[in-house]
Amino acid sequence: MKVILTGVAGFVGSNLVKSLLSEGHSVIGIDNFSYGYKRNIEPYENNSQFQFIEGDVNNPDLFKSIKGDALVHLASQKIPRYTNAFKTLEDNNVMLKNVVNKCKHDKIKLVFASTSDVYGKNTELPFTENSSLVMGPPTVKRWAYAISKLYSEQYIFATSEEFGLEFAITRFFGSYGPNQNMTWWGGPQSVFIQNIIEGKPIELHGDGLQTRTFTYVEDTVQGVMKCIFHPASKNEVFNIANNPTEEITIKDLAYLIWDLMKGKGTALDVKFIPYASFGNYEDVMRRVPCIEKIKTMLDYEPKFMMKEGLQKAIEWQIKNQE
């Protein structure tokens, strides 16, 4: 199969292209390097089954000469923690329309990368794919990312109903691992690792007691691969996550990474950053997935416990300093 992949030089994209090529598929990868890195796709530049196009998914003309059997849309703006929400809303909307139009026109399957952030402030745990999606007030720009993905999901469902678009929607829960961005764009684990490497205090937002369930990138890729190829994924939404028993507070995550890198019994320097420093901001205090649907329907099974995955992420990040 030939797969069109947006955001190919990013974190998940570069790991996904590795898996696709190893299983004999060909890939047309698209990226403008706004967040991805050339180094992430250098191992594949001489692979005859990999074609790279440097370009912006915001440009609809980009897709005119491209032909594939499926399109995986990973390119995205994320939570506007320190920036204005306009770019998050505008870019995610324009990119969505372009990839949907491409898939609709060519009659190919769309696999869309959504986010666990769409569950928002829902307190009924764990989150199933049918859980209510509870957003905060419009004055809090933090919700722009979740709302852009929620709109995207609804638009895809509506296009399927109106025009017969075939799709699968994936809701990622905190991926981490090799090729992760080493800033907040990559998530707290990459920032904590980098803080320790550079001898800086670990910065915890709020009190650090908010919880997440992080997923090693090979498990994320496993889930995406199943959504591309498994027939039961057609027109469905799936959580792609680690087991809910791996829920951890951000504070405990910091201590776990510190112990893995420095050894137990050594003092951890922690700096607490109040949410007020981000402006009018809200956080989600618990985020726990239910993965029974993807396990039952697509035979998905996460393979990496957190400690094992973090060790691999640490080793990669130490070796790949800028």
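Summary table below
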| read-out | value |
| --- | --- |
| Residue selected from the stretch 247-286 under the condition in contact with an Asp or Glu (Cβ under 8 Å, 6 or more places away or on another chain) and at pLDDT 95 or above, by the criterion nearest to Gln194 (Cα to Cα) | Lys251 |
| The one condition in (1) touching a residue at least 60 places away in the same chain (Cβ under 8 Å); (2) in a helix (DSSP H, G or I); (3) surrounded by fewer than 22 Cβ atoms within 10 Å (Cβ to Cβ) that Asn181 fails to fulfil | (2) |
| Qualifying residue in the stretch 67-78 (condition: within 30 Å of Pro137 (Cα to Cα), among the small types (Gly, Ala, Ser) and modelled with pLDDT of 95 or more) | yes |
| Among (1) closer than 25 Å to Lys87 by Cβ; (2) surrounded by fewer than 17 Cβ atoms within 10 Å (Cβ to Cβ); (3) among the hydroxyl-bearing types (Ser, Thr, Tyr); (4) touching a strand residue (DSSP E or B) at 6+ places or on another chain (Cβ under 9 Å), the one test that Thr6 misses | (2) |
| Flag for Ala146 being part of a helix (DSSP H, G or I) and of a type in the set (A, V, I, L, M) | yes |
| Some residue of the stretch 276-286 being of a type in the set (Val, Ile, Thr) and loosely packed, with under 13 Cβ neighbours inside 10 Å | no |
| Residue list for the stretch 9-51, restricted to those being part of a loop (DSSP other than H, G, I, E, B), within 20 Å of the chain's Cα centre (by Cα) and either basic (Lys, Arg) or surrounded by fewer than 21 Cβ atoms within 10 Å (Cβ to Cβ) (or both) | Asn32, Phe33, Ser34, Tyr35, Tyr37 |
| Candidates Ile202, Ile197, filtered to the one that is among the β-branched types (Val, Ile, Thr), more than 19 Å from Lys78 (Cβ to Cβ), over 15 Å from the mean Cα position of the chain (by Cα) and buried (at least 21 other Cβ atoms within 10 Å of the Cβ) | Ile202 |
| Number of positions in the stretch 52-75 that are in a strand (DSSP E or B) and crowded, with 20+ Cβ neighbours inside 10 Å | 4 |
| Odd one out for Tyr119 among (1) under 30 Å from Glu23 (Cβ atoms); (2) in contact with a strand residue (DSSP E or B) (Cβ under 8 Å, 6 or more places away or on another chain) | (1) |
| Looking only at the stretch 184-194, and only at residues there that are out of contact with any Phe, Trp or Tyr (no Cβ under 7 Å at 6 or more places or on another chain) and surrounded by fewer than 22 Cβ atoms within 10 Å (Cβ to Cβ), the one that is farthest from Met261 (Cα to Cα) | Trp184 |
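The values are calculated or read from the model by the stated rules, or taken from the named source; none is laboratory data. All figures in this text were calculated on a predicted structure; none of them were measured in a lab. Every residue, glycine among them, receives a Cβ derived from its backbone with ideal geometry; neighbour counts consider all protein chains shown.
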